[in-house]
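Before any comments, here is the structure.
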Amino acid sequence: MYLMNLLRVTLLLVSLTVCLSGVAFAGPSNSLMDISMDGKLLACSNRDSGTVTIVSLSSHKVLHEVKVGGHPEGVSFVGSSHDVAVAVYDDDQVVLVQGDSGEKLGAVEVFDEPYGVVSTADGSRLYATLDYPGQIVEIDSAARKVIRTIDSGPFSRGLALGPKEKQLYVTEFYTSTVRAFDISSGKPADEWAGSSTDNLARQIVVNPRRPKLYLAHIRSRIKEAHGTGSIFPYVAVPDTRPGEDRRRRRIPMDTFGQGRITANPWEVGINRDGTHLYIVFASTNELFAADVVDDDYREIVYRQHIIAGNNPRAVRVAPDDQTVYVYNALDFQVLALRTSDLSEVARIDVTPNPLTPEVHRGKVLFYSALQPMVGRRWISCSSCHPDGQPDGRTWTNPEGLRNTQSFAGMAHTHPVHWSADRDEVQDFEHTVRGPLMQGQGLIRGAVNPALGKPNAGLSKDLDALAAYSNTHEFTLSPHAKGGLNDSAERGRTIFFSEKTKCATCHSGPLMTDSKPRPVDEILRHDVGTGEIDPGEKMGPAYDTPTLLGLYRTGPWLHHGMATTLQEVFTKFNPDDRHGVTSHLSEKEIDDLVEFLKALPYEQPVLSAAASGSE
């Protein structure tokens, strides 16, 4: 008994030493929700509403809903205060809100697309990731200004402060690569690369007790166009200890919960002492609870799961470890659960549904990996097109290599697909029923062939899916915030010159000759790019993609082989079939690229509608 008591005291002293060293409370991580340090308030960003909601956790009542701008993403309480920092993705701002009063305190302008935001414990500094161009900005929270910018790698999203606030951990969205940066110098300190198939990592947390990081992501096997082999869910566990034996484990979530298949893990949450982990799956609507183990092998073990609600995107554990909160984005609701057994404590409506009933239903279907959309649960439309963005991948499809396209402006540039083989979004019923998704489908009965009689009007759900898919619009290029620079102006002249012929196909306000028209008048162009892929079945002529938003949608061309925009006009245009560019000097090519990066520099859809070109 004496030895047992001595052991308990020793463990207690070790635990106390760890806490006092600052390791146990390693710092905040980015999330769409945050809880104040005193456990009194919860903040939640509402992407569809453009708001942040402040909730009292003593009453589980909404105190304030504050308008902050277009598509807010990460939120963080500022130190121990009740001030909240919100990363407003479309408006390129980090907005500050006072949680108790709901007052909007101000905003900090950043270059483009702030996604994750965290605060130091004393609240003096905020750090935010910029998805584009891939940076961390350090913000003086009192002065409300950016004081330092760190290049962190393309499409940086996830962000967490390390032990004693000495390092920042960042995830790359399209590769799930994790990088550590020394805060004092801003220099890279370490890196944990994912596999070549890892994709869509938007958040990361630090274990406050062990040298481990946790991030949810998917695995995209681009050579498999089948629902049982293309997309898989994972939680990666990088080990932060130095030495050659460091590693990064990748835990498959489709075998984790007693073989239960899940889809699109979005966020993970960890409790205050690092013993329990929670994972939300946005397309199978589940929350998994796991125990953290210290064996450096299994890392986490399944405890239980529940169906949480529609499209869960965030999970946060209260400081007292009694309650875990889940944000169900398409229920517009936060679910409070007991950590002991995941039983329900409260449901908190954080914002009125801002979507029309049709668009809301379509978005639910778009994110669903369940019937009638999907048969095997691994994949949803959003697995390749999250929030209408591309997944940065080039897939080996039955018709050939196909680079995933953005949905921005799609409503105005039908037909769709590189091959222009579908003249309405409703034609994707063929994909829903096909080998990729294996769903029952949304039409009851026969489906009309693509480019045949309309499938529109045959199913309310299919029309709703189309309505949501067609809602995505362009945001203005950050490269043209002050107008076109001198290089872009020169590039504009080159683009519209008769000699280069760029504007022959990339014409009008939407920079494309692709627009809704009768099937027998659909345009496709052979620009010489279809000859590289020996597996091409439908080329070599392709639909003209819009050039708007081109700056952030690489790699480029239908086969995704152009890794820079310069390569589009040099390496992959040897015979001047894709515009006449062989006569251009290197500087002129750079000017042309500078112009393309600045698109759109005005509101294109309004211009298109006003000109009658739609």
Find the residue count for segment 335-352, including only residues that are touching an Asp or Glu at 6+ places or on another chain (Cβ under 8 Å) and part of a loop (DSSP other than H, G, I, E, B).
-> 3
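How many of the residues in segment 252-294 are in a strand (DSSP E or B) and buried (at least 19 other Cβ atoms within 10 Å of the Cβ)?
Qualifying residue count, segment 252-294: 18.
Table: residues versus (1) at pLDDT 95 or above; (2) basic (Lys, Arg); (3) over 28 Å from Val62 (Cβ atoms).
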residue	(1), (2), (3)
Phe256	no, no, yes
Ser283	yes, no, no
Phe288	yes, no, no
Asp291	yes, no, yes
Tyr302	yes, no, yes
His305	yes, no, no
Ala329	yes, no, no
Ala336	yes, no, no
Ser343	yes, no, no
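Would it be correct to say that Glu498 is acidic (Asp, Glu) and surrounded by 15 or more Cβ atoms within 10 Å (Cβ to Cβ)?
Numbers: acidic (Asp, Glu): yes; surrounded by 15 or more Cβ atoms within 10 Å (Cβ to Cβ): no.
In short, no.
Take Arg202 and decide whether it is assigned to a loop (DSSP other than H, G, I, E, B), charged (D, E, K, R) and buried (at least 24 other Cβ atoms within 10 Å of the Cβ). Step through it out loud before you land on a result.
On the way: assigned to a loop (DSSP other than H, G, I, E, B): yes; charged (D, E, K, R): yes; buried (at least 24 other Cβ atoms within 10 Å of the Cβ): yes.
For Arg202, the condition - assigned to a loop (DSSP other than H, G, I, E, B), charged (D, E, K, R) and buried (at least 24 other Cβ atoms within 10 Å of the Cβ) - is met.
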Any chance Phe111 is of a type in the set (Phe, Trp, Tyr) and within 19 Å of Asp38 (Cα to Cα) | no
Do any helices (runs of 4 or more DSSP H) lying entirely in segment 420-517 carry at least 2 residues that are in contact (Cβ under 8 Å) with a residue 60 or more places away in the chain and basic (Lys, Arg), and which ones are they?
-> 486-495
Note on segment 139-158: residues under 21 Å from Ala180 (Cβ atoms) and either surrounded by fewer than 17 Cβ atoms within 10 Å (Cβ to Cβ) or not assigned by TED's automatic domain parsing to the domain that holds Phe181 (or both) are Ile147, Arg148, Thr149, Asp151
If a residue has to be more than 19 Å from Arg313 (Cα to Cα) and among the hydrophobic types (A, V, I, L, M, F, W, C) to count, how many in segment 42-61 make the cut?
-> 1
Those residues of segment 126-161 which are assigned to a loop (DSSP other than H, G, I, E, B), under 18 Å from the mean Cα position of the chain (by Cα) and of a type outside the set (Gly, Ala, Ser), in sequence order = Asp131, Tyr132, Pro133, Pro154, Phe155
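Which one is nearest to the chain's Cα centre (by Cα), of the residues in segment 110-125 that are over 16 Å from Tyr89 (Cα atoms) and free of Cβ contacts under 8 Å to residues at least 60 places away in the same chain? Please lay out each step first, then the result.
First pass over segment 110-125, keeping only residues over 16 Å from Tyr89 (Cα atoms): 119-125.
Going one step further and asking which of them are free of Cβ contacts under 8 Å to residues at least 60 places away in the same chain, we end up with 122-125.
Numbers: Asp122: 29, Gly123: 27, Ser124: 28, Arg125: 25 Å.
Among those residues, the one meeting the criterion is Arg125.
Only residues that are buried (at least 19 other Cβ atoms within 10 Å of the Cβ), in contact with an Asp or Glu (Cβ under 8 Å, 6 or more places away or on another chain) and modelled with pLDDT of 95 or more: list them for segment 20-40, please.
Here is the first cut: in segment 20-40, the residues buried (at least 19 other Cβ atoms within 10 Å of the Cβ) are 23, 25-37.
Still in the running and in contact with an Asp or Glu (Cβ under 8 Å, 6 or more places away or on another chain): 27-28, 31-32.
Passing the criteria: Ser31, Leu32.
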Identify, please: which residue in segment 360-387 is in a helix (DSSP H, G or I) and among the basic types (Lys, Arg) and is, among those, surrounded by the most Cβ atoms within 10 Å (Cβ to Cβ)?
-> Lys363
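Among the residues of segment 258-282, write down those that are among the polar types (S, T, N, Q) and within 14 Å of Tyr234 (Cα to Cα).
Quick first cut of segment 258-282, residues among the polar types (S, T, N, Q) only: 258, 262, 264, 271, 275.
Selection gives Thr262, Asn264.
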Checked Leu126, Leu63 against criteria (surrounded by fewer than 21 Cβ atoms within 10 Å (Cβ to Cβ), in the same structural domain as Ala329 (by TED's automatic domain parsing) and of a type in the set (A, V, I, L, M, F, W, C)); the one match is Leu63
Residues that are of a type in the set (Phe, Trp, Tyr) and either part of a loop (DSSP other than H, G, I, E, B) or exposed (fewer than 14 other Cβ atoms within 10 Å of the Cβ) (or both), drawn from segment 571-605 | Phe572, Tyr601
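Yes/no matrix, rows are residues, columns are (1) over 26 Å from the mean Cα position of the chain (by Cα); (2) assigned by TED's automatic domain parsing to the domain that holds Cys505; (3) small (Gly, Ala, Ser); (4) at pLDDT below 95:
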position	(1), (2), (3), (4)
Gly539	yes, no, yes, yes
Thr563	no, yes, no, no
His583	yes, yes, no, no
Glu586	yes, yes, no, no
Glu594	no, yes, no, no
Lys597	no, yes, no, no
Restricted to segment 103-123, and to residues that are among the β-branched types (Val, Ile, Thr) and in contact with a Phe, Trp or Tyr (Cβ under 9 Å, 6 or more places away or on another chain), which residue is surrounded by the fewest Cβ atoms within 10 Å (Cβ to Cβ)?
-> Thr120
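Residues in segment 97-107: is at least one touching a Ser or Thr at 6+ places or on another chain (Cβ under 9 Å), among the aliphatic types (A, V, I, L, M) and in the same structural domain as Asn328 (by TED's automatic domain parsing)? Don't jump to the end; show me each part of the working.
Just the residues of segment 97-107 that are touching a Ser or Thr at 6+ places or on another chain (Cβ under 9 Å), to begin with: 98-99.
From what's left, among the aliphatic types (A, V, I, L, M): none.
No, segment 97-107 contains no residue that is touching a Ser or Thr at 6+ places or on another chain (Cβ under 9 Å), among the aliphatic types (A, V, I, L, M) and in the same structural domain as Asn328 (by TED's automatic domain parsing).
Can you confirm whether Thr544 is assigned to a loop (DSSP other than H, G, I, E, B), over 24 Å from Tyr132 (Cα atoms) and within 33 Å of the chain's Cα centre (by Cα)?
Values: assigned to a loop (DSSP other than H, G, I, E, B): yes; over 24 Å from Tyr132 (Cα atoms): yes; within 33 Å of the chain's Cα centre (by Cα): yes.
The answer is yes for Thr544.
What residue, among those in segment 170-199 that are in a strand (DSSP E or B) and within 18 Å of the chain's Cα centre (by Cα), is nearest to Asp294 (Cα to Cα)? Quick ask: steps written out before the conclusion?
From segment 170-199, those in a strand (DSSP E or B) are 170-172, 178-182, 188-192, 198-199; that's our starting set.
Narrowing the set further to residues that are within 18 Å of the chain's Cα centre (by Cα) leaves 170-172, 178-179, 198-199.
On the way: Val170: 24, Thr171: 24, Glu172: 27, Val178: 22, Arg179: 23, Asp198: 25, Asn199: 27 Å.
The qualifying residue nearest to Asp294 (Cα to Cα) is Val178.
The values are calculated or read from the model by the stated rules, or taken from the named source; none is laboratory data. None of the values given here were measured: they were computed from a predicted structure. Here the Cβ is made from the backbone with ideal geometry for all residues, glycine too, and neighbour counts use every protein chain on show.
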